[in-house]
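Please treat every number below as a calculation from the coordinates, not as lab data. Note that the structure is predicted; figures quoted are calculated from it, not measured. Because the Cβ atoms are built from the backbone with ideal geometry, glycine has one as well, and the counts that use them run over all protein chains shown.
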């Protein structure tokens, strides 16, 4: 990609990756066909589809709609070859335990952004009456009888643990209370689907979920919530390039803190009936960032804002509280000429007037997005290696960038050798 272009025009954002994958896992709870609309066309959906097929499901995709037909008898083992590519695959653990009485899931891989332990998943499932062991690289959960309602307090509002325990509890006997539950819009989306399937869930959108177990669920039809991280990426790109971008399908209420940070950086953010418009004129101002669980500033937007701060006027402190290895990509940003110093979970960024194009490598989805944004404002040509990470979270990213005026092209790997 060649830097210097000002992004202008419209882009449409589809369903959220971080919701879509879990909705697919939730479909395992009901025999029959669950239909999911506005599913993003990304690699991770392909991986999750293949995983469900191996469990015995029939998965059909037509455009942005995915139909999942779940049999009466499910497989219960999720192997390493797929799970290593997709950390979200751990979320089949709860549904398989509830449906089959046993679940074997390889310890997950996914992005290289730090350790994300499964202790809270294990603790919660054991509280529900499961036996959980780790053997030969697999997490194995089993139950001798129907899971039973209980109260689970999460030490941290873990999204993954909340999702797994929620999906395990919807058919447990009695009432389950999950305290200090995650509150992300994606959690609300899963609760909405489960409710359509017949689950009884109270406290949706709050830190306390109360689930009254039902005997069985049925299939349902559902439209995925918009991807707030993709929205935030495009909004940041508009501010970074002093552009004017309208993002259709965006929900401003899912990104209040991030959008406020862009306003503080000098951008104009206007809410529209079906999205938002972000305009910027002049060099952005540096803004401090502290990542926190929702509704705090999302860790998944930290690399994009670090790129913005790299060319902003002034200096800013970026504090990463969720994933200790999220700063891995800083070394790549420095290769582009950024002035960034890290100390533990803090990064001090001193803005420079211009970055300089160079070869860089993506280590995870959001790092790749952050490096692409930095390349848009770097002199010369920036080459991003390992772009498949970006493909896992962003659909048609290159095509959309070109439509907005960027000079970006995908080059076959052999041409880079």
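Summary table below
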{"item": "FRET efficiency, 1/(1 + (r/R0)^6) with R0 25 Å, evaluated for residue 33 and residue 214 via beta carbons", "result": "0.80"}
{"item": "Ranked list, fewest to most other Cβ atoms within 10 Å of each Cβ, for 196, 22, 261", "result": "196, 261, 22"}
{"item": "Cα-based shape type of the range 143-297, given that a ≥ b ≥ c are square roots of the gyration tensor eigenvalues and the cut on a/c is 1.5", "result": "prolate"}
{"item": "Gain on full stretching of the segment that runs from residue 2 to residue 356 - 0.36 nm per residue minus C-alpha separation", "result": "126.4 nm"}
{"item": "Per-peptide average of other Cβ atoms within 10 Å, ordering 263-272, 155-164, 208-217, 30-39 highest first", "result": "155-164, 30-39, 208-217, 263-272"}
{"item": "Global geometry of the range 17-215, whether rounded, prolate or oblate, following the gyration tensor of its Cα atoms and the 1.5 cut on a/c", "result": "rounded"}
{"item": "Label point distance in nm, residue 84-residue 134, each placed 7 Å from Cα along Cα→Cβ", "result": "1.8 nm"}
{"item": "Separation between Cα centres of the range 243-282 and the range 303-321, rounded to whole Å", "result": "18 Å"}
{"item": "Sites residue 313 and residue 292, calculated FRET efficiency, Cβ-Cβ separation with R0 30 Å, nearest 0.05", "result": "0.70"}
{"item": "The range 253-364: C-alpha gyration tensor shape, a/c 1.5 cut-off, then a/b vs b/c", "result": "oblate"}
{"item": "Ascending count of other beta-carbon atoms within 10 Å, so fewest first, for 364, 400", "result": "400, 364"}
{"item": "Label point at residue 102 placed 7 Å out along Cα→Cβ; residues across the range 140-178 whose backbone nitrogen lies under 16 Å", "result": "140-146"}
{"item": "Whole-number D in µm²/s for the chain (Stokes-Einstein; Kirkwood sum over Cα pairs; 10 °C, 1.306 mPa s)", "result": "73 µm²/s"}
{"item": "Likely footprinting exposure, 394, 80, fewest C-beta neighbours within 10 Å first", "result": "80, 394"}
{"item": "Euclidean distance between Cα centres, the range 148-196 to the range 394-412, Å", "result": "38 Å"}
{"item": "Gap separating the Cα centres of the range 22-78 and the range 344-385, nearest whole Å", "result": "35 Å"}
{"item": "Förster radius 35 Å - calculated FRET efficiency between residue 207 and residue 396 (Cβ-Cβ, nearest 0.05)", "result": "0.50"}
